[in-house]
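Structure first, commentary second.
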Amino acid sequence: MLALGGCSEDVQLAASPVKNVEKVNITAQTQIDVYCPTGICQFDISSNEAITVTVTMHYDDAKMFRKIEGVSVTGKAGPTAKVLGANRFSMDLSGDNKPAKIQVVDYYR
């Protein structure tokens, strides 16, 4: 699990690999990079405060996802994801520290 405290030490974003995730990097208070070499993977994200997080999907350091086919999100609050482009999506986290379970699929996997 990775965690990042904000400037006021209030916001803590956590992400953990579940399946087919090589690594997860929290790059900013609301931004995460996920590395998925197979093009289909699962991971969890949670936060202690309600925030909108942006996730960028990569195969590896040199290659990003080409076209997100789908993002499935489950969790207590039932958050939904909004695809922002070929390799990014955003979603609202409820802030109750309960992980949203996410599955992402690249169309060209």
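The values are calculated or read from the model by the stated rules, or taken from the named source; none is laboratory data. Predicted model only: the values in this text are computed from it and were never measured. Here the Cβ is made from the backbone with ideal geometry for all residues, glycine too, and neighbour counts use every protein chain on show. Accessible surface areas use protein heavy atoms only, side chains included; no ligands, DNA or RNA. Shrake-Rupley method; radii C 1.70, N 1.55, O 1.52, S 1.80 Å.
Couple of notes before you dig in:
- Selection over region 93-109 of residues that are under 19 Å from Thr30 (Cα atoms), surrounded by fewer than 17 Cβ atoms within 10 Å (Cβ to Cβ) and at pLDDT 90 or above gives a count of 2.
- Count of residues meeting criterion [modelled with pLDDT of 95 or more, under 12 Å from Arg109 (Cα atoms), part of a strand (DSSP E or B) and open to solvent by 70 Å² or more (accessible area, probe 1.4 Å)] in region 27-71: 1
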